[in-house]
Amino acid sequence: MSAILPPSDRLWWKQPLDRVEGTWILIAFIWCMIMFAMMVGWHIYGKQNLSTETYKTTRELFTAKTQAVVDKYTVRTETDKNIPVVRPPAGSDVYLISRLWDWWPILELEKDKTYRLHLTSMDYNHGFSLQPVNINIQVVPGYEHVVKVTPNQSGIFSIICNEYCGIGHANMVGRIYVK
Amino acid sequence: MTTYRTCPRSGLQFDTQAEKLMLANAVVAVVYLLVGGILAVGVVLTRWPAVHWLAADNFYMVLTAHGIDMLIFWIIFFEIAVLYFCSSTLLRCRIATPRIAWLGFALMLIGSVTTNVAIFRGDSSVMMTSYVPMMAHPAFYLGLILFAVGALVGCFVFFGTLVVAKNEKTYQGSVPLVTFGAITAAIIAVFTIASGAIILIPTFLMSVGVIKEVDPLVYRTIWWAFGHSSQQINVAAHISIWYAIAAICFGAKPMSERVSRGAFLLYILFLQLASAHHLLADPGLSTEWKVVNTSYFMYFAVLASMIHGLTIPGAIEVAQREKGFTKGLFEWLRKAPWGNPVFSGMFISLIGFGFLGGISGVMMGTEQLNMIIHNTIYVPGHFHATVVIGTTLSFMSLTYFLIPVLFRREMISPGLAKLQPYLFGLSMYFFVVVMMGAGTLGVSRRHWDMAMGGSPFAYEFPGAAYLMMGLVGITGVVAIVGGALYIYITVGSLLWGRKLDAGALSPKTVPIPVVPSTVALQGHGSAGFAAPGTFALASVFLVAFVLYYFINWKYLSQVWGLS
């Protein structure tokens with residue numbers, strides 16, 4: 001009879017549905033299909049889809065590639081640590097190192113131009129959290145993730161690490177300028 | 001020698017050995033809730049920006065312990081008790097292999113203590129997720145592995161008990177719906193624990209230096225098949241408890257067995273895929289994989305939850321209407337026993353789980369929307385709605401039923417018990433809403449200092465984010481007080497509550513009487529619209545869901561282009 005007793009009707013699966021249940025199941029099913037279509041449709045019509053382009057990489061390889069870009073396109077340095085500010089041409093490959101506990105180098109991008117941003121970690125997992133835009137991407141060691149980004153506003157942006165990475169985690173902040 | 005006790009208050013029949021096991025598991029669970037609750041004080045008072053209590057190293061240690069003690073130890077110890085209840089008690093049979101069940105309990109206890117010791121040594125502050133290559137002390141993993149093996153033993157004792165009941169014919173026909181839900185939970189648990197073993201054993205070997213490397217991405221993928229799936233055990237378990245409480249408080253029977261069991265079946269088939277929710281912002285996984293998995297294969301598990309969300313209050317409504325509360329849409333609900341914490345806790349849990357936990361979960365589980373949520377404090381906002389408002393509050397409600405029935409004590413302070421679900425549940429409602437608000441503004445989870453005082457590039461969050469994190473602190477403290485009340489009432493009743501009559505003991509089980517099937521065939525019929533009030537509530541839910549869903553897409557459409 002009740003939910004804590006065996007169904008008194010041994011052929012319970014033949015019991016008819018109430019209209020409340022039938023109607024709700026239909027509505028819920030349609031809503032589920034809409035949500036599924038939305039996710040697929042955004043890949044066709046939407047402008048915010050996370051790239052899946054990924055390569056295996058190593059610390060040495062990625063550092064060398066980053067260094068090459070830094071050597072070529074540094075326009076100035078900032079802070080007493082002389083962190084290079086890199087201004088790569090639109091459409092080019094840009095490398096960003098995450099490590100305990102900073103993002104290196106600083107990037108200077110142009111509004112409405114697209115860049116191929118390469119992300120990896122030198123040690124633990126890190127989190128690329130771009131503020132105040134609020135875009136969040138996981139950064140995993142050993143994997144080079146190439147994300148095509150197109151800034152749509154100019155200003156000063158911060159990259160906060162939002163994957164716990166040890167005692168200095170809360171101070172791991174980087175910077176992107178968009179002109 | 002097996003003996004059975006028939007509880008004079010509920011008519012339930014307990015195998016005395018199973019009863020001791022349930023008691024032991026439930027008591028240890030409550031102890032872990034106490035430990036986790038004390039740790040919660042450290043977490044909320046540090047994340048409250050104006051207080052910022054603990055130093056960074058202590059904060060991360062306390063946060064690691066809080067997550068593991070609550071999400072794993074409190075919940076799974078309690079769930080093992082629930083599994084034994086749903087098998088041995090509801091099916092009125094002896095528990096299979098009680099000695100092995102005690103072995104499982106011992107493994108869980110030793111494992112959980114080991115992991116806690118490792119954490120409080122201070123060298124295992126790796127969070128619950130313990131992503132490699134960040135390493136904890138080997139004892140951290142060893143404890144978790146022992147615990148998992150113990151829990152697996154518990155699951156097999158549960159399955160064995162089902163076999164005993166079937167063989168000894170203690171019931172006729174199919175198992176009760178609540179037991180069916182518990183079977184769902186146990187099947188998911190076996191998958192979960194196997195995934196945990198597959199990834200934690202190599203990680204343990206890595207921590208002692210036997211193997212050199214565990215791939216970080218493989219770790220994340222398999223760990224989440226353990227980490228998220230363990231939350232799906234909770235969903236199946238607490239939904240079973242909702243059905244049980246509806247039956248206990250109202251004598252409610254499922255609107256239709258077919259629909260409710262079908263929804264549990266959808267859980268078995270699709271709920272596990274949700275571990276992909278955690279990997280949507282990861283490199284290396286294809287879009288197709290993400291879309292299919294994160295949507296539980298076209299949202300079939302969401303469909304199942306939406307069905308349970310209708311059929312449980314629907315069953316209550318039907319039962320109430322049969323008692324004569326038929327005025328308007330909502331007399332059945334107004335006249336419900338709101339002063340009974342067993343019911344009020346369950347209903348606050350159901351509403352909060354659906355509106356706050358369910359809707360936010362679908363947002364985070366939408367591949368693209370995940371990018372504006374991943375690893376922000378929105379995530380703990382979501383899962384406090386699911387595992388605290390959903391699971392923990394349901395377990396609390398069930399406890400109020402079990403104090404006289406299983407513990408055989410009169411509840412102390414019934415006035416406080418009446419208040420507790422409201423204080424705890426409603427403060428948690430506010431807590432998760434402000435957490436999700438702060439997450440929408442970009443505040444990170446697992447972060448010691450949102451002012452980032454040690455960095456030359458410190459980002460200043462908007463004032464609203466600080467306000468909301470302050471409210472997280474305040475509502476968090478209120479919720480902790482609510483949780484403390486539960487522990488006071490439960491432990492107090494066990495220690496000082498008046499002893500109640502245990503009921504008659506008998507060496508033989510009394511099988512569940514068979515009800516002639518003509519009674520049941522009356523059913524509710526396909527012609528009716530038996531629960532209009534519930535349908536109206538469900539419609540409000542759907543409107544909120546749809547609006548919030550598209551608001552998030554609007555928000556996403558304004559951020560930087562990504563392709």
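Read the figures in this text as sums done on the coordinates, not as results from a lab. This structure is a prediction, so every number in the text was calculated from the model and none was measured. In this analysis, Cβ positions are derived from the backbone assuming ideal geometry, glycine residues included, and neighbour counts consider all displayed protein chains.
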query = Given the C-alpha centroids of region B:1-65 and region B:393-448, what is the distance between them in whole angstrom?
reply = 12
ask   = What residues qualify as long-range amide H neighbours of B:Ile95, i.e. H under 5 Å apart, gap of 5 or more or another chain, H built at 1.01 Å from N?
value = B:Ala18
request  = Would you tally the net charge around B:Thr6, using a Cβ to Cβ cut-off of less than 13 Å, leaving B:Thr6 out, and scoring K and R as +1, D and E as -1?
outcome  = +2
ask   = Does region B:412-563 classify as rounded, prolate or oblate by the C-alpha gyration tensor (a ≥ b ≥ c root eigenvalues; a/c under 1.5 gives rounded; else a/b over b/c gives prolate, otherwise oblate)?
value = oblate
note = Measuring from the longest principal axis of the C-alpha atoms of chain A, the long axis of helix A:59-73 (C-alpha) lies at a number of degrees, nearest 10, equal to 60
query = How big is the charge dipole of chain B about its Cα centre, in debye rounded to the nearest 20, if each Lys and Arg gets +1 on its Cβ and each Asp and Glu gets -1 on its Cβ?
reply = 1520
ask   = Which whole-Hz ³J(HN,Hα) couplings does region B:412-420 yield from phi under the Karplus relation 6.51 cos²θ - 1.76 cosθ + 1.60, θ = phi - 60°, glycine and proline marked x?
value = 7, 6, x, x, 5, 5, 4, 6, 3
query = Whole-Hz Karplus ³J(HN,Hα) for region B:265-281, in order, using 6.51 cos²θ - 1.76 cosθ + 1.60 and θ = phi - 60°, x for Gly and Pro?
reply = 5, 4, 4, 4, 6, 10, 4, 5, 5, 5, 4, 4, 3, 8, 10, 5, 9
task = For chain B, find the longest principal axis of its Cα atoms and tell me its angle to the long axis of helix B:296-322, 0 to 90°, nearest 10.
result = 40
ask   = Between B:Ser394, B:Gln13, B:Thr115, whose Cα lies farthest towards the positive end of the dipole of the protein assembly as shown when Lys and Arg beta carbons carry +1 and Asp and Glu beta carbons carry -1, centred on the Cα centre?
value = B:Gln13
message = For B:Leu54, what residues show an amide H to amide H distance below 5 Å, using hydrogens built from the backbone and excluding near sequence neighbours?
response = B:Thr46
task = Let me see the pair-distance distribution of chain B: every alpha carbon pair, 10 Å bin width, integer percents in order.
result = 3, 17, 29, 29, 16, 5, 1, 0
inquiry  = For region B:453-509 and region B:245-292, what is the centre-to-centre distance using only Cα atoms, to the nearest Å?
reply    = 27
ask   = Once you list every other residue whose beta carbon is under 15 Å from the beta carbon of B:Ser444, what net charge do they have if Lys and Arg are +1 and Asp and Glu are -1?
value = 0
query = Does region A:52-178 classify as rounded, prolate or oblate by the C-alpha gyration tensor (a ≥ b ≥ c root eigenvalues; a/c under 1.5 gives rounded; else a/b over b/c gives prolate, otherwise oblate)?
reply = rounded
query = Which whole-percent values make up P(r) of the protein assembly as shown when all C-alpha to C-alpha distances are grouped in 10 Å steps starting at zero?
reply = 3, 14, 24, 26, 18, 10, 4, 1, 0
request  = Relative to the longest principal axis of the C-alpha atoms of chain A, give the angle of the C-alpha long axis of helix A:19-45, reported between 0 and 90° and rounded to the nearest 10°.
outcome  = 20
query = Taking each residue of B:219-226 in turn, how many C-beta atoms of other protein chains fall within 10 Å of its C-beta, and what is the average?
reply = 1
query = Can you run phi through the Karplus equation (6.51, -1.76, 1.60; θ = phi - 60°) for region B:230-244 and list ³J(HN,Hα) in whole Hz, with x for Gly and Pro?
reply = 5, 6, 6, 4, 4, 4, 4, 5, 6, 5, 4, 5, 4, 4, 5
Relative contact order of chain B, pairs being alpha-carbon contacts under 8 Å that are 6 or more residues apart, as % = 17
task = Scan around A:Glu144 for amide H atoms under 5 Å from its own, H built in the peptide plane at 1.01 Å from N, and keep only partners 5 or more places away or cross-chain.
result = A:Tyr55, A:Lys56, A:Thr57
note = Rounded to the nearest 5, the percent of DSSP beta bridges in chain A running antiparallel is 70
query = Please identify the GluC sites (Glu not before Pro) of region B:307-412 that satisfy two criteria: DSSP loop assignment and at most 16 other Cβ atoms within 10 Å. Which are they?
reply = B:Glu410
Net length gained if the chain between B:Lys335 and B:Ala544 were fully extended (0.36 nm per residue, minus Cα distance) = 72.7 nm
remark   = Taking Lys and Arg as +1 and Asp and Glu as -1, residues besides B:Glu19 with C-beta under 10 Å from its C-beta add up to +2
